[in-house]
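S.K.: Attaching a single structure in structure tokens format; questions to follow.
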Amino acid sequence: MAASQVSNVALGVDDGTRFVVGTVDDIPPGSRKVILVNGREIGVFNVNGEYFAVLNRCPHQGGPLCSGRQTGFLVAPLPGEYQLSRPGEVIRCPWHGWEFDLRTGQSWCEPSKVRVRRYDVSVESGETLVAAVPGEDGPTEAETDPLAPPGLVKGPYKAETFPVSIEQQYIVVDVGGRRPS
Amino acid sequence: MLGRWSYSGTNYPKESPNAARVDSWPPAGGPPGSNLPFLREQLLDEWGIDIAINNPLFHSAVQRHPHYTAALARAINEWQIGEWTDPEPRIKASICVPQEEGDLAAAEIDRLGDDPNFVQILLVIRGAEPLGRRRYWPIYEAAVRHNLPIGIHFGGQGGNPLTGTGWPSYYIEDHTGMAQSFQGQLTSLIFEGVFEQFPTLRVCLIEGGFAWLPTLMWRMDAAYKRLHEEVPHLKKLPSEYIRDHIWLSTQPMEEPFKPHQFTQLLRHGTLADRLIFATDYPHWDFDAPDQALPKTKLPEEFEQKLFFQNALDFYGERLLPRVRG
């Protein structure tokens, strides 16, 4: 996939395996976004409010998997009767049409050999994430007003302040999980 | 063949309109393979391709009306010059011809045969009759006259069923069964004496597979020993004509269950010296140059032959970049 189609670079939080890929508003139900996460292109999909993330590289021949079509499994209980099962939960590579289950990364073409790398996705509040940013492990005792740094005396001037809260919900991809067997 | 499309339908595999890669539709609009800047980005630059050859498969070759099919072929050839080979020196063109009209096809070859931007004459594998028959010989005469090789590509709906036993039901049968057409056409070219008549003619079978070639050579030679009196115009074993005149493209790459069997295959016949790499871009069965070969130890120098030398042997110096005069 051309770099221009990768929409963003994810921001790392805490131990270096979890990355914020956007807010829930960035990827509404039925949409997807390919994001550069720790050097890897990962596609994040919102399927009816559930989030799935897979590597943007088809394990067959390296095609840009996440720009393929989303579909489901076709089942035919009787000849001439067709039903689409789990619509939207299957991604089909744009090159050769190989299909992978977004939920598990499983291929149903050659299930014993081929699966795409999948990642855990969670939705977390901004407050949780700010607490998890490296080097900002929450306010220290010295920073907590009214306790000024020791030895300093409060001056006469004080700027006007405003309360700030982080209420947005963020989508977090975890690239550190073990590959499912 | 009513209008532009044939009654047997267009190539429409599951979820792949125009048989194209889903990501090959140019963002600016138009069908796959119609936009030069997008093709540069997605194919030539992406894979570092020095020379690519256009094989326009628009149904110019197989229309029923002789002058209509000739006009379509001529229009496509002019379009290739104006839109592709003039602005992009990495692209070479194939001469599209009205395949079923030998004299009109030869006239189009004569019109363009000395233009260095054209490197081969393009036929489709499924025409109206076996390609060894004399109605097609004016095409081969013109090819030899201009020292142009012939590429015979997957495709065409000449009116006959794909298989020798009738029409199949599914696209997957069409896609798999086309190898039968290639074998039938190669058999026809050999036994009807085309290569005896045109000893300098070179033919490349494009997108027909290649693993079947060694066994076909064995079978033809064995039959020739018993039945040669029927074809006294042949002076050599059928396999010798194949060795001297036939090249093949990869894509579809043969993918044996055990990768090392691919190497065994190359050692049969002349395949290592005759295979030319093809991507089939923008079609859905595209082969990525760095991914398509089976993951196994291949004969030394094979990749150099596959990606360069075999094509140069087949197309000759026309293949090399050249400034238009």
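The values are calculated or read from the model by the stated rules, or taken from the named source; none is laboratory data. Since the structure is predicted, the reported quantities are computational estimates derived from the model, not experimental observations. Neighbour counts are summed over all protein chains in view; Cβ atoms, including those assigned to glycine, are modelled from backbone coordinates with ideal geometry.
S.K.: Looking only at the range A:12-35, which residues are part of a strand (DSSP E or B) and polar (S, T, N, Q)?
M.R.: Passing the criteria: only A:THR23.
S.K.: Right, here's the next one. Collect the residues in the range A:14-29 that are in contact with a strand residue (DSSP E or B) (Cβ under 7 Å, 6 or more places away or on another chain) and over 30 Å from B:GLN291 (Cβ atoms), keeping them in residue-number order.
M.R.: Listed by number, the residues that qualify are A:ARG18, A:VAL20, A:GLY22, A:THR23, A:VAL24, A:ASP26, A:PRO28, A:PRO29.
S.K.: Another question about this same structure. Keeping to the range A:10-54, report how many residues are among the aliphatic types (A, V, I, L, M) and over 11 Å from the mean Cα position of the chain (by Cα).
M.R.: 2
S.K.: Within the range B:90-102, is there a residue that is surrounded by 21 or more Cβ atoms within 10 Å (Cβ to Cβ), basic (Lys, Arg) and in contact (Cβ under 8 Å) with a residue 40 or more places away in the chain?
M.R.: yes
S.K.: I'm told B:GLY208 meets every condition in (1) assigned to a loop (DSSP other than H, G, I, E, B); (2) among the small types (Gly, Ala, Ser); (3) under 15 Å from B:SER239 (Cβ atoms) except one. Can you identify the failing condition by its number?
M.R.: Evaluating B:GLY208 over (1) assigned to a loop (DSSP other than H, G, I, E, B); (2) among the small types (Gly, Ala, Ser); (3) under 15 Å from B:SER239 (Cβ atoms) leaves (3) as the failure.
S.K.: Filter the range A:86-114 for residues that are over 28 Å from B:PRO282 (Cβ atoms), of a type outside the set (Lys, Arg) and either at pLDDT 90 or above or outside any strand (DSSP E or B) (or both) and give the result.
M.R.: Hits for the range A:86-114 are A:THR104, A:PRO111, A:SER112.
S.K.: Quick check, is B:LEU44 buried (at least 20 other Cβ atoms within 10 Å of the Cβ) and either polar (S, T, N, Q) or within 14 Å of chain A (Cβ to nearest Cβ) (or both)?
M.R.: No.
S.K.: Could I ask something else about it? Tell me which residues, restricted to the range B:29-41, are touching a helix residue (DSSP H, G or I) at 6+ places or on another chain (Cβ under 7 Å) and either more than 12 Å from every other protein chain (Cβ to nearest Cβ) or part of a helix (DSSP H, G or I) (or both).
M.R.: Correct list: B:PRO31, B:GLY33, B:LEU36.
S.K.: How about the range B:228-325: which helices (runs of 4 or more DSSP H) wholly inside it have at least 1 residues that are within 14 Å of another protein chain (Cβ to nearest Cβ)?
M.R.: Correct list: empty, since no element meets the threshold.
S.K.: Shifting gears a bit: Could you look through the range A:33-44, keep only residues that are in contact (Cβ under 8 Å) with a residue 12 or more places away in the chain and surrounded by fewer than 23 Cβ atoms within 10 Å (Cβ to Cβ), and pick out the one that is nearest to the other protein chains (Cβ to nearest Cβ)?
M.R.: Across the range A:33-44, the extreme among qualifying residues is A:VAL34.
S.K.: When A:GLY105 is evaluated against the numbered criteria (1) on the phi > 0 side of the Ramachandran plot; (2) within 14 Å of chain B (Cβ to nearest Cβ); (3) not hydroxyl-bearing (Ser, Thr, Tyr), which criterion, by number, is the only one it fails?
M.R.: A:GLY105 satisfies all of (1) on the phi > 0 side of the Ramachandran plot; (2) within 14 Å of chain B (Cβ to nearest Cβ); (3) not hydroxyl-bearing (Ser, Thr, Tyr) except (2).
S.K.: Let me ask something additional. With respect to A:GLU124, is the statement that it is in a strand (DSSP E or B), modelled with pLDDT of 90 or more, of a type in the set (Asp, Glu) and surrounded by 13 or more Cβ atoms within 10 Å (Cβ to Cβ) true?
M.R.: For A:GLU124, the condition - in a strand (DSSP E or B), modelled with pLDDT of 90 or more, of a type in the set (Asp, Glu) and surrounded by 13 or more Cβ atoms within 10 Å (Cβ to Cβ) - is not met.
S.K.: Could you look through the range A:108-128, keep only residues that are among the acidic types (Asp, Glu) and away from chain B (no Cβ under 14 Å), and pick out the one that is nearest to A:ARG18 (Cα to Cα)?
M.R.: Among those that are among the acidic types (Asp, Glu) and away from chain B (no Cβ under 14 Å), it is A:ASP120.
S.K.: Which ones in the range B:75-101 are closer than 26 Å to B:PRO130 by Cβ and either part of a helix (DSSP H, G or I) or of a type outside the set (Ser, Thr, Tyr) (or both)?
M.R.: B:ILE76, B:ASN77, B:ILE95, B:CYS96, B:VAL97, B:PRO98, B:GLN99, B:GLU100, B:GLU101
S.K.: Can you confirm whether the range B:63-75 contains a residue that is under 19 Å from B:HIS283 (Cβ atoms) and more than 14 Å from chain A (Cβ to nearest Cβ)?
M.R.: No, there is no match, as no residue in the range B:63-75 is under 19 Å from B:HIS283 (Cβ atoms) and more than 14 Å from chain A (Cβ to nearest Cβ).
S.K.: OK, next. Considering the range A:53-85 alone, what residues qualify as being assigned to a strand (DSSP E or B), without any contact (Cβ under 8 Å) to a residue 12 or more places away in the chain and either among the small types (Gly, Ala, Ser) or within 13 Å of chain B (Cβ to nearest Cβ) (or both)?
M.R.: A:LEU74, A:ALA76, A:TYR82
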